[in-house]
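The values are calculated or read from the model by the stated rules, or taken from the named source; none is laboratory data. Only a predicted model underlies this, so the values are computations on that prediction, with no experimental measurement involved. Neighbour counts are summed over all protein chains in view; Cβ atoms, including those assigned to glycine, are modelled from backbone coordinates with ideal geometry. Side chains included, ligands, DNA and RNA excluded: accessible areas come from the protein's heavy atoms. Shrake-Rupley method; radii C 1.70, N 1.55, O 1.52, S 1.80 Å.
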Amino acid sequence: MTIEVIIIALLMFFLLVGIHEWGHFYFAKRVGILVREFAIGFGPKLLSVKRNETRYTFRLLPMGGYVRMAGEDPEIVQINPGQTIAVKIENEKVTHIYLDQLDQRTDVILGTVDSIDLEHKLNIKLDVDGELQDLAVHEKAMMETKGKETQIAPWNRQFGSKTIAQRALVIVAGPVMNFILAFFLFLGFIYMSGITVDNPTYWQVGKVTNDSPAEMGGLQSRDIIIEVNGQKIGVDDNEKLLTLISESADQPMNWIVSRDQSELQLQVTPKADETGSGRVGIALQLEKRNPDSIIEGITHASKTMWNITEQIFVSLKMLVTLQFSLDDLGGPIRITEMTGEAVSYGVDTLVLFVAMISLYLGIFNLLPFPALDGSRLMFFGIEAVRGKPVDPNRESMVHFIGFAVLMLLMIAVTYNDILRLFKG
């Protein structure tokens with residue numbers, strides 16, 4: 001596992017998670033929700049920068065990301081009547097509320113809270129030296145305590161204030177962005193790898209593994225295979241070709257291929273695998289052509305996406321029905337290994353791999369499992385039927401348990417990946 005592969009895997013992670021969270025972020029902003037944090041990863045912060053109302057962070061553990069929206073969790077300290085605070089006023093509105101170190105604040109009004117409403121009326125009634133002052137609060141006022149500033153969130157800026165349709169749009173936007181990304185990547189793959197013709201007349205080299213006997217012998221992707229060891233290779237002779245390679249371990253083979261309308265004679269020596277069979281490190285593919293039009297490209301990309309979607313649902317069904325072992329699952333380490341394999345086969349294979357992962361993430365996140373987007377959509381459905389939301393505390397507990405289960409599963413598969421690496 002090289003540094004190059006690790007960097008590519010990290011970039012893939014940032015792309016897939018970033019586009020997912022950007023979907024949540026963009027539509028949350030569109031419907032007027034205050035987004036407090038846009039995070040890639042979990043755990044301790046590695047990098048953090050604040051722009052306008054939102055803090056953008058990269059965190060240590062590459063296991064996902066999140067968009068933290070106002071009103072989803074307790075986020076500001078409760079201020080109660082009788083509490084002494086300091087406020088700063090600009091243009092006749094409170095712009096800063098200070099809860100501690102009051103004697104160190106300058107250019108502020110110090111007083112005791114008589115009443116306060118930072119969600120609806122946006123005002124503070126403050127007793128200042130026996131005089132009750134009714135102060136208007138700016139909708140973007142900052143509250144500061146223990147050196148940390150938090151912007152207040154009026155009710156109309158909170159996630160819970162929006163209609164069910166608006167909230168559902170914000171949540172579903174994440175998986176939808178993964179689907180959109182996957183489609184364009186599938187489209188790119190179609191244009192890079194081509195389309196299998198209706199009546200193919202020959203086999204050609206599809207992928208050539210790096211540092212393989214095929215690469216050392218001079219074979220290249222899209223070489224048309226004409227003859228191997230004196231035997232013609234036609235469209236029905238793929239089994240013959242595979243047998244010739246398998247039986248020629250460590251023995252030079254004479255290949256005749258067509259490249260750019262010229263015939264080339266190459267010598268390829270298959271390498272014996274653990275069973276003693278010869279392997280040259282290529283993938284075979286039938287005759288291909290480029291799409292005749294963008295419509296044809298879109299059609300084939302859609303078919304490819306649909307076929308892989310069906311395969312993903314088969315895999316998810318096996319997961320739900322527990323028809324798997326721990327070795328069938330993989331975490332970040334396994335994905336990085338698979339990324340390396342995709343890289344070794346070329347850019348088009350890497351594009352296909354990233355498209356498949358993006359599609360999988362979109363589908364997986366729509367499952368009605370606690371902590372996933374699908375579960376939140378399910379709660380919106382329950383709210384629509386009941387006419388009132390589920391108790392937020394109960395819903396939060398369900399999502400917390402689901403998140404804990406997912407993290408435990410991730411730790412287990414990562415541990416298994418590490419063991420597998422040490423065992424070779």
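Per-structure values
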{"read-out": "Solvent-accessible area of Leu16 with every protein chain in place, 1.4 Å probe, in Å² to the nearest 10", "value": "10 Å²"}
{"read-out": "Karplus (6.51, -1.76, 1.60) ³J(HN,Hα), θ = phi - 60°, over segment 343-353, in Hz, Gly and Pro reported as x", "value": "4, 5, 8, x, 5, 5, 5, 4, 4, 4, 4"}
{"read-out": "Helical mean residue ellipticity (222 nm; -39500 (n - 2.57) per DSSP H run of 4+; nearest 500) of the chain", "value": "-14500 deg cm²/dmol"}
{"read-out": "Given charges at Cβ of Lys, Arg, Asp, Glu: the chain dipole, positive-most of Val170, Ile116, Val390", "value": "Ile116"}
{"read-out": "Extended-chain gain in nm, criterion 0.36 nm per residue less alpha-carbon gap, Asp117 and Lys232", "value": "32.9 nm"}
{"read-out": "Centre separation in Å (Cα based) which lies between segment 38-67 and segment 393-424", "value": "20 Å"}
{"read-out": "Hz values of 3J(HN,Hα) by residue in segment 144-157 - Karplus curve (6.51, -1.76, 1.60), Gly and Pro given as x", "value": "10, 8, 6, x, 10, 9, 9, 6, 5, 10, x, 3, 6, 9"}
{"read-out": "By accessible area with a 1.4 Å probe, ligands and nucleic acids excluded, highest first: order of Glu37, Glu310, Glu247", "value": "Glu247, Glu310, Glu37"}
{"read-out": "Percent accessible area from carbon and sulfur atoms, the chain, protein chains only, probe 1.4 Å", "value": "58 percent"}
{"read-out": "Counting all C-alpha pairs of the chain, share separated by more than 33 Å (%)", "value": "53 percent"}
{"read-out": "Total charge dipole magnitude, the chain, about the Cα centre, Cβ charges on Lys, Arg, Asp, Glu only, Debye to nearest 20", "value": "580 debye"}
{"read-out": "DSSP-loop chymotrypsin sites (Phe, Trp or Tyr not before Pro) across segment 320-391, with at most 15 other Cβ within 10 angstrom", "value": "Phe324"}
{"read-out": "Rg ratio (alpha-carbon, reference 2.2 N^0.38 Å) - segment 127-276", "value": "2.23"}
{"read-out": "Amide hydrogen neighbours beyond the local backbone of Arg55, cut-off 5 Å, H modeled", "value": "Glu37, Phe38"}
{"read-out": "Contact order normalised by residue count of the chain, Cα under 8 Å, 6+ apart, percent", "value": "14 percent"}
{"read-out": "Relative contact order [Cα under 8 Å, 6+ residues apart], segment 1-140, whole percent", "value": "15 percent"}
{"read-out": "Mean projected area (nm²) of the alpha-carbon convex hull when segment 357-400 is viewed from all directions", "value": "3.1 nm²"}
